[in-house]
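What follows is a single structure, written as structure tokens, with notes after it.
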Amino acid sequence: MLKVREWDMSYFVTGATGFIGRFLVSKLLKRKGTVYVLVRKDSHKKLEAIAKKMGWDSKRVVLVDGDMTQPKCGVSAAQLRTLSGKVKHFFHLAAIYDLNAKAEAQHAANIDGTRNALDLSVALKAEVFHHTSSIAAAGLYQGVFREDMFDEAEGLDDPYLRTKHESEGLVRRETRIKWRIYRPGMVVGHSQTGEMDKIDGPYYFFTFLKKLRELLPPWMPMLGLEGGRINVVPVDFVVDAMDHIAHKPRLDGHCFHLTDPEPMRVGEVLNTFARAGHSPEMTMRIDARMFAFIPGSVRGMVGNLPPVRRFVGMLLRDFKIPKATLKFLTYPTRFDNREAERALKGSGIHVPPLEGYAWRLWDYWERHLDPDLFVDRSLKGKVRNKVVVITGGSSGIGLATAQRVAEAGAITVIVARGEGELFKARDEMRAAGGKVFAYTADLADMDDCDRLIKTVLEEHGKVDVLVNNAGRSIRRSIELSYDRFHDFERTMQLNYFGSLRLIMGAMPGMVQRRKGHIINISSIGVLANSPRFSAYVASKAALDAWSRCAQGELSGKGISFTTINMPLVKTPMIAPTKMYDSVPTLTPDEAADLVVKGIIERPSRIATRLGITASVLNALAPKAYEVIMSTAFELFPDSAAARGDKQALRGEVKPSNEQIAFASLMRGVHW
């Protein structure tokens, strides 16, 4: 039996385990009285954890078993008798705040739940019913929505908007109890701590901003949308305002917009978070309203075209943005909040500028809410008992990668021409507990490629991941290649045709199983267009182009392609160019990290920022980029081996300070 002290000014709170609810309970505990919280039996442990984290006084927070979907919220008759007449303020916060929730669930929680809460508050003989509504109750109203407006709401087709509107309507029509309604804006984390409980509102775009940060430097200007004005408010402002207004006299029957009087446009909000996360900003923003002249039927027809739907769906999935959020990019509603401002006058409670606390929100998201934190990023989870074929697996990048996947439990197949190093690598990995198999093959020989694939399929049944790592590099200027056409032929034969032959051999089984992953080790030179590497870069670019074409045909069949534009790596392939001994390079283990990243994340491309920047600069200012490449060409001469100068080969030519400085600045690019 619940015990209530007669002198208490008691509060009753639904939704105390929710984000706003937990902070409201903390605020109410600063006043005198007991706080009764309605909790489902299966949520007791959750509430206990929240209470411990928030530092609640366990003697003043009393659990009341119930269920919002039941009549009078499922509160027992005994509890009703005990609490009857003891509750002054009834705060109703329990609701679904999720655009993606099913319509039935939203109706049950938002509409039926509010009806049950009203009945409960009347049964408890509470004095005031405080209803936490939302600006969503206005729907997609065109123009300024005042606090005394309700029936004027427009665009209520969305279940979330509709149920928030209808639940508020129940309260407005209530005559059995006095009421006050609060319409918060888009609630984000705490302005002092950054704390947030889920991804919602602007948080949906954080993954996109993070990916931009990983691909491009912060100073890179971006093109984006201006969009409508969205009203963002931190949870602490909402709670402080509700607490203050709830305890002021003579405000019953009023609605209060807990909103920012000067809301920012979507583009401004995203740029604020871009600065907080050190991501490139949308320097040039296109106002989405400029597309309004296109008839809605035409926009709908274009949007429903299969390629458009699929492309948009892919982007939304990759960036984890719910489709329902797109309608709010051109949000048409502004909110007049003069009632709330009048009630808060002199309290010191106001909406803090987003710029001042955006970094806290970003930091908390990155540490606690980033979806990437919850993805199985273990290599073992991706390759255990999978057949992974790695060409060039006896040394360098291939060997380092093979060691990683073998350790992770993959059925590792390594391929190389030389039998000695290959079998030695196999035996060492087997001794370490790996399931490793080795096959010799000359991948410049198409018949040998066919034989290899046939053997692997016969002995292992399938290929889950194919890493095309084996390759040939030639560093020689075009003027020294007039009589060496075979250089172009042999690089193309191995780097392009050999890799393609293996892919074509493994692909039928992948398509049949509707899953498979092709990883092509390309070069940063494809993005940077490195001089003296025309034969090598052209062969790698050919495979890149083929893979991009194949993605369009096969991604719908569950086949992934990943191109890794690998920077300069310290391997036997670059050993003949002695200058590379003095410039920054990756180790094979560091290069293997990129391959492992590709296996785990399956992106279309992995490239360094420098590689991406070079590609973008070449596209935007090709003449300026040509000057940079020409300078590099003059600065780094052909090697003695490329010139055929046997005499010079005997002497060590040390690179100049200029060469070292330039190579350090353009780290990883082949010169």
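The values are calculated or read from the model by the stated rules, or taken from the named source; none is laboratory data. Not measured: the values here are computed from a predicted model. A quick note on method: Cβ atoms are made from the backbone with ideal geometry, for glycine too, and the neighbour counts reach across all protein chains shown.
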Hey, could you check region 497-533 for residues that are assigned to a helix (DSSP H, G or I) and touching a Phe, Trp or Tyr at 6+ places or on another chain (Cβ under 8 Å) and say which is farthest from LYS557 (Cα to Cα)?
GLY525
Could you check ARG60 against (1) within 38 Å of the chain's Cα centre (by Cα); (2) under 25 Å from LYS248 (Cβ atoms) and say which number it fails?
(1)
So for region 109-122 (the condition being of a type in the set (Gly, Ala, Ser) and over 21 Å from MET242 (Cβ atoms)), does at least one residue qualify?
no
Hits in region 10-27 (condition: more than 14 Å from ALA126 (Cβ to Cβ) and touching a strand residue (DSSP E or B) at 6+ places or on another chain (Cβ under 8 Å))
GLY15, ALA16, THR17, PHE19, ILE20, GLY21, LEU24, VAL25
Region 422-450: number of residues that are closer than 23 Å to ALA400 by Cβ, part of a helix (DSSP H, G or I) and of a type in the set (Asp, Glu):
2
Just one listed residue, out of ILE453, ILE414, ILE390, is closer than 22 Å to ILE559 by Cβ, β-branched (Val, Ile, Thr) and not in a helix (DSSP H, G or I), and it is ILE390
State whether one or more residues within region 365-381 are closer than 23 Å to ALA506 by Cα, among the aromatic types (Phe, Trp, Tyr) and either touching a residue at least 24 places away in the same chain (Cβ under 8 Å) or touching a Lys or Arg at 6+ places or on another chain (Cβ under 6 Å) (or both).
no
What are the residues in region 412-421 that are in contact (Cβ under 8 Å) with a residue 12 or more places away in the chain and either farther than 16 Å from LEU466 by Cα or surrounded by fewer than 24 Cβ atoms within 10 Å (Cβ to Cβ) (or both), if any?
ARG417, GLY418, GLU419, GLU421
Between residues in region 463-488 that are touching a residue at least 12 places away in the same chain (Cβ under 8 Å) and residues that are aromatic (Phe, Trp, Tyr) and in a loop (DSSP other than H, G, I, E, B), which pairs lie under 7 Å by C-beta distance while being six or more apart or on different chains?
ARG475/PHE533
Can you list the helices (runs of 4 or more DSSP H) lying wholly within region 147-259 that have 2 or more residues being modelled with pLDDT of 95 or more and either surrounded by fewer than 21 Cβ atoms within 10 Å (Cβ to Cβ) or among the charged types (D, E, K, R) (or both)?
159-172, 235-246
Could you give me the residue pairs with C-beta distances under 6 Å whose first residue belongs to region 124-143 and is assigned by TED's automatic domain parsing to the domain that holds ASP157 and within 18 Å of MET242 (Cα to Cα), whose second residue is assigned to a strand (DSSP E or B) and among the acidic types (Asp, Glu) wherever it lies, and which are 6+ apart or on separate chains?
none
Can you spot a residue in region 496-511 that is in contact (Cβ under 8 Å) with a residue 60 or more places away in the chain and under 24 Å from LEU610 (Cβ atoms)?
no
Does region 64-79 hold any residues that are in a loop (DSSP other than H, G, I, E, B), surrounded by fewer than 16 Cβ atoms within 10 Å (Cβ to Cβ) and of a type in the set (Gly, Ala, Ser), and which are they?
SER76
Over region 80-137, the set of residues in a loop (DSSP other than H, G, I, E, B), among the charged types (D, E, K, R) and modelled with pLDDT under 95 is LYS86, ASP98, LYS102
Which one is farthest from the chain's Cα centre (by Cα) among residues in region 339-363 that are under 19 Å from THR272 (Cα atoms) and surrounded by fewer than 17 Cβ atoms within 10 Å (Cβ to Cβ)?
PRO352
Flagged in region 260-302 as under 15 Å from GLU355 (Cβ atoms) and either of a type in the set (Asp, Glu) or at pLDDT below 70 (or both), in numbering order, are ASP260, GLU262, GLU268, GLU281
Evaluate region 320-337: report whether one residue or more is outside any strand (DSSP E or B), modelled with pLDDT of 95 or more and not polar (S, T, N, Q).
yes
If you take the residues in region 456-476 that are aliphatic (A, V, I, L, M) and part of a loop (DSSP other than H, G, I, E, B), which one is modelled with the lowest pLDDT?
ILE474
Answer with yes or no whether VAL388 is under 24 Å from LEU494 (Cα atoms), under 29 Å from the mean Cα position of the chain (by Cα) and either β-branched (Val, Ile, Thr) or surrounded by 23 or more Cβ atoms within 10 Å (Cβ to Cβ) (or both).
yes
Where in region 558-669 are there helices (runs of 4 or more DSSP H), lying fully within it, with 2 or more residues that are surrounded by 15 or more Cβ atoms within 10 Å (Cβ to Cβ) and at pLDDT 80 or above?
588-601
Could you please tell me which pairs satisfy a Cβ distance under 6 Å, a separation of 6+ or placement on different chains, a first residue in region 25-54 that is under 17 Å from VAL87 (Cα atoms), and a second residue that is polar (S, T, N, Q) and modelled with pLDDT of 95 or more?
LEU38/THR14
